[in-house]
1. Take the range 1-14 and flag every residue that is within 12 Å of Leu46 (Cα to Cα), more than 20 Å from the chain's Cα centre (by Cα) and either polar (S, T, N, Q) or in a loop (DSSP other than H, G, I, E, B) (or both).
2. In the range 22-46, what residues are closer than 19 Å to Asp67 by Cα and either buried (at least 21 other Cβ atoms within 10 Å of the Cβ) or in contact with a strand residue (DSSP E or B) (Cβ under 6 Å, 6 or more places away or on another chain) (or both)?
3. Can you list the helices (runs of 4 or more DSSP H) found entirely within the range 15-122 that contain at least 1 residues being farther than 30 Å from Ala188 by Cα?
4. Does Ile135 satisfy the condition of being crowded, with 21+ Cβ neighbours inside 10 Å, closer than 30 Å to Ala51 by Cβ and among the β-branched types (Val, Ile, Thr)?
5. Scanning the range 190-210 for residues that are more than 16 Å from Ala82 (Cα to Cα) and in contact (Cβ under 8 Å) with a residue 60 or more places away in the chain, which turns out most open to solvent (accessible area, probe 1.4 Å)?
6. Checking the conditions here, which among Val179, Val161 is at pLDDT 90 or above and in contact with a helix residue (DSSP H, G or I) (Cβ under 7 Å, 6 or more places away or on another chain)?
7. Among the numbered criteria (1) within 27 Å of Asp14 (Cα to Cα); (2) open to solvent by less than 70 Å² (accessible area, probe 1.4 Å); (3) of a type in the set (A, V, I, L, M, F, W, C), which one does Ala51 miss?
Amino acid sequence: MRAGSRAYSALRQDILDWRLPPGTPLGEVEQAQRLGVSRTPVREALARLAADGLVRGAGARGAVVTDLAPADVSDLFDLRIAVETRLARLAAERRDPGPFRTLVADLGAAVDLDLGRPEDRAAYYDLVQRLDDAIDAAAASRFLTQALDGVRLHLRRLRRVARDHPARLLESVGEHRVVARAILDGDAELASSATLVHLRASLGHILHTYETAALQPAPPRPAPTGPPAPSVNEPTA
């Protein structure tokens with residue numbers, strides 16, 4: 001992998017995992033030293049991150065990790081609700097029952113996971129990713145799934161909310177199972193409605209967390225000085 005791609009992947013993961021929280025300045029020299037590359041790959045990486053909307057220019061300060069304010073979260077969910085409810089409806093109409101039969105069973109077993117443990121949480125997030133992939137594949141709507149690409153990237157920054165609240169994750173297990181069951185049964189109306197219920201619950205939980213200041217954007221702080229920490233793949237709740 002090219003140095004620029006490695007720098008991009010490392011910085012992107014650090015931003016998504018909040019090792020580089022909103023407002024963190026990203027100086028080229030400091031990041032080049034931390035990542036063990038020259039300034040040119042870092043400059044390329046920052047340009048790509050700016051195109052993703054994860055980084056913005058800040059005059060003399062250089063690049064800064066973008067904020068994710070409550071209004072931004074609401075806007076993201078507006079688009080997510082519009083697209084994902086439609087995808088669920090299409091998936092129910094067009095699905096191959098096989099993958100969803102397996103998902104319903106696996107989601108039923110997921111209630112026994114201890115979602116406060118990183119290992120069990122990772123297993124559950126892998127299961128949610130399988131459900132998302134199955135819905136995308138069954139709906140077979142390239143433009144709808146492409147419309148979600150950028151949204152899903154930014155929503156991954158909010159996974160910290162679910163990670164810190166296992167009880168909410170447990171609720172989402174049941175919500176996802178209802179969606180999968182409706183698609184398996186070919187019930188398009190229920191699949192769409194269950195998706196809406198899940199997304200509204202997720203949005204309400206996130207906004208409540210903001211209101212209680214548990215996830216307010218942190219003040220600017222120096223970037224980590226050590227190498228990027230290993231990450232756990234955790235899609236949005």
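The values are calculated or read from the model by the stated rules, or taken from the named source; none is laboratory data. What you are looking at is a predicted structure, and each value in this text was computed from that prediction instead of being measured. Neighbour counts run over all protein chains shown; Cβ positions are idealised from the backbone, glycine included. When the accessible area is computed, the model is the full protein with side chains, heavy atoms only, and any ligands, DNA or RNA have been set aside. Shrake-Rupley method; radii C 1.70, N 1.55, O 1.52, S 1.80 Å.
1. Ser5
2. Those that are closer than 19 Å to Asp67 by Cα and either buried (at least 21 other Cβ atoms within 10 Å of the Cβ) or in contact with a strand residue (DSSP E or B) (Cβ under 6 Å, 6 or more places away or on another chain) (or both): Pro22, Thr24, Pro25, Leu26, Ala45, Leu46.
3. Working: elements: 28-35, 39-52, 70-94, 97-109.
Passing ranges, in order: 28-35, 39-52, 70-94.
4. Yes: the conditions hold for Ile135.
5. By that ranking, first place goes to Leu207.
6. On inspection, the qualifying residue turns out to be Val179.
7. (2)
Residues are listed down the side, and each one gets a yes or a no for (1) within 20 Å of Gly174 (Cα to Cα); (2) crowded, with 19+ Cβ neighbours inside 10 Å:
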residue	(1), (2)
Asp75	no, no
Ala105	yes, no
Asp112	yes, no
Val128	yes, yes
Phe143	no, no
